[in-house]
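Read-outs: derived from the displayed coordinates by stated rules, not from any lab. Computed from a predicted model, the values in this text were never measured in an experiment. Counting neighbours? That spans all protein chains shown, and the Cβs are built from the backbone with ideal geometry, glycine included.
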Amino acid sequence: MSSKVYQFKPFNVGRVVIWTLFALVLLTAPLLFTSSLSQTMLSQMGIAIIVCLSYNILLGQGGMLSFGHAVYSGMGSFLAIHTLNQVSGGWPLPVSLVPIAGGLASMAVAILLGWVTTKKAATPFAMITLGIGELVWAMSLMFPEFFGGEGGVSGNRVVGAKTFGISYGPQIELYYLIAVYTFICTGLMFAFTRTPLGRMLNAVRDNPERVEFVGYDTQKVRYIAFIIAAFFAGISGGLAALNFEIVTSEVVSGYRSGAYLLFTFLGGATFFFGPIIGAILMVLAFVLLSEFTKAWLLYLGLVFLFMVMYAPGGVASLLMMNLRVAKFGHLRKLWVSYLALGLTALVVLLGAAAMIEMVYHLQLNSALGPELTFLGGTLNSKSLNSWFGSGFVMLTGLGLFEICRRQFAREWGQIQESIEKEIKRMESL
Amino acid sequence: MEFYTISLLNGISYGMLLFMLSSGLTLIFSMMGVLNFAHASFYMLGAYFAYTVTSLIGFWAALLVAPVLVGLVGAAFEKYFLRRVHKFGHVPELLITFGLSYIILELVQLVWGRSSVDYRVPVALDGPLFTLFGTQFPMYRGFMMGVALLMLMAIWLLLTRTRIGLVIQAALTHPEMVEALGHNVPRVFMLVFGGGCALAGLAGVIGGNAYVTEPSMAFSVGGVIFVVVVVGGMGSLAGAFLASILIGVLQTFAVAIDASLMSALQTVGVTLTPSTFGYALWKLKLSQVAPILPYLFLVLILIFRPKGLLGTREG
């Protein structure tokens, strides 16, 4: 086996290199992107990475499709902001530990609600999490004393003792706090996948009946995993509370839970690092894409639909498949096809996006006249020319894309075949 | 007495609407094992289609045309999308319907705008059906109940008394055997999915004008119908009926009762002040709690009867 070459016990060199790189990226990212927008986005990415990874303990490792994960990140946020306000009132707790308070609070909530939730698995589990999510969300409007009603609860993170002169006033100081939490939580969650419990959780996902025969209680395994996931979600919620200094009932809503699910899946639930990609995509979509176009939810839904159909392993699985091809030295053969695929897909996207944007313009901004700017050019949403042009571009792209796709599928099949043969040959050696 | 009768009637009519929605969901679930997350979106689609068709050719035509259109959309979705992910297992199937719910919501907002549309009860049905203790019971509510009952009868007859119903029931438990006997099981699945969506569409046609036709209508009803399906017992049509009526009546009564635990204690002679522990909980009115009652009910059922009211399997 080729992976043995890199293992020098007791050190796993590959792993050390990857984690060092991860730490370096976390450290240097704000030095490369220095604008205040990118600093806020980087902070949000760190928060999103923790919550998506914690969601993946349920979805990827435990096979539990939850529609109510925002309950735990949101409750963490609320408890953290209340703790922060207590710190302002004189509690001797450093601000940097407030997220842990959020994590512990979420854990307590999960101990209570998770017992009911994890009684079932698979589809009933999904429905119950949906119901509990609705329950908590409806409650958030019922108890304004705790949830702050419409206006939410706000706090001030620049309180308490300033250790080493760190006040968490500037965004960059908070970013590094988030980065530290992100690194530690990612490490802990990775370590969790290597524990007997983490392995058991995978077994519960794949073959619960067999696990019961071996003598484990599947419900208990799910329950414990659920609590652990809630703990990390709560930490991310606590960091979000520190970051925004305001928590509204939106953080426990079903929309939030849906976003976690969507992006964890897009990133790739089958690999540990998939949700990290998903989290980065989530922040990019929420901050940049929503500024860029009004139709972003439609694009998101379509991307998700096609991802489920053609790449159920998410972006991470696409990466890993290409890594495998590269490992066997076949990636060189594919780059022409990739280029062709990319270009034709771009043409399709251009035509489709022009039409979608024109429809949105007609519906939402028709008072501003029929003209709209699209990627620097001007389109007239009422003229036949614009419609015909973009339709023509899209159809041409679609035709070319299909030709390239067939060619690519053929090449891809051949390469996979030769890789299989190569593996067989190496095994027989 | 007046309050109880009217609330009961309103509750039953709301429950009937819930049943129309959850019956399609239950049918699809018990047949294909697919939890159709976009079911409430099809309900919304039905309401919007009905709105447009009504303005073109009238309400009675819409009653027929809109569910058929929704059914066609559902069948097409099953054929071109859902069927392709069937081999990946149940979670991707659920996820693809989840993605669809996003797309339908965006498309509806795109075509009909982001605020509510003026979809009204037809003039022929606008008015009181009868007057009870001085309160009028709207004719449209009676119409809703009638349609729901007719639909219930139709499904029951279709499933138990016709050939296609027999094939559907057989395909439910022994798909391979049914296929071996020469029936096209994928097509049966497509029919069931389309049919279930058409039922949701029908619910949309008659529910859209009784309540409000707006883009958030799918989200507001979506959670409740999942509760109905779990409470009734996964895959049990009779259970779904019982649970729909129960939840409909429960919610209607709760909304109308303006009492809290505090006032209940006051009649016994205990007076609470704002300094009492948990005052926020004691002073909550039942009408304020109404939106969460179905979910509380769900949690209680899961604790005390995990297989649901009339369910047969635990899973």
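Work out the length of the dipole vector of chain A about its Cα centre, built from +1 on the beta-carbon of each Lys and Arg and -1 on the beta-carbon of each Asp and Glu, and round it to the nearest 20 debye.
Details: 26 positive and 19 negative charges, 279 e Å.
Dipole of chain A, to the nearest 20 debye: 1340 debye.
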Between A:Phe388 and B:Thr160, what is the label-point separation in nm under the 7 Å Cα-to-beta-carbon projection? 6.1 nm
Mind checking the angle between helix B:90-112 and chain B's longest principal axis? C-alpha axes, 0 to 90 degrees, to the nearest 10. 70 degrees
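Under Stokes-Einstein, with the Kirkwood radius over Cα pairs standing in for Rh, what whole-number D in µm²/s applies to chain A at 37 °C and 0.692 mPa s?
Details: Rh = 24.1 Å.
D, rounded to a whole number, is 136 µm²/s.
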Qualifying trypsin sites (Lys or Arg not before Pro) for the stretch B:33-131 [loop in DSSP, other Cβ within 10 Å: at most 15]: B:Arg114, B:Arg120
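Please report the relative contact order for chain A, taking Cα pairs under 8 Å with a sequence separation of at least 6, and give it as a percent rounded to a whole number.
Numbers: 582 pairs, mean separation 93.4, N = 429.
Worked out over chain A, it gives 22 percent.
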Counting partner chain Cβ atoms within 10 Å of every residue's Cβ in B:80-92, what's the average? 3
Between B:Ser216 and B:Glu179, with labels modelled 7 Å along Cα→Cβ, what's the label distance in nm to one decimal, could you check? 4.5 nm
Please list the non-local residues whose amide H lies under 5 Å from the amide H of B:Ser260, H modeled 1.01 Å from N, same-chain partners needing a gap of 5 or more. B:Leu286
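Provide a whole-number value for the mean count of partner chain Cβ atoms within 10 Å of the Cβ atoms in peptide B:286-293.
Numbers: counts 0, 0, 3, 3, 1, 7, 9, 2.
The per-residue average across the peptide is 3.
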Cα centroid separation - the stretch B:197-251 against the stretch A:117-173, whole Å: 29 Å
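Give me Rg/Rg_expected for the protein assembly as shown, where Rg uses Cα atoms only and Rg_expected = 2.2 N^0.38 Å with N residues.
Numbers: Rg = 27.7 Å, N = 744, 2.2 N^0.38 = 27.1 Å.
So the Cα radius of gyration is 1.02 times the expected 2.2 N^0.38 Å.
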Give, as a single signed number, the net charge of other residues whose beta carbon lies under 15 Å from the beta carbon of A:Val153, with Lys and Arg counted +1 and Asp and Glu -1. -3
Starting from the exponent 0.38 and prefactor 2.2 Å, build the expected Rg for the stretch B:2-218 from its residue count and divide its actual Cα Rg by it. 1.08
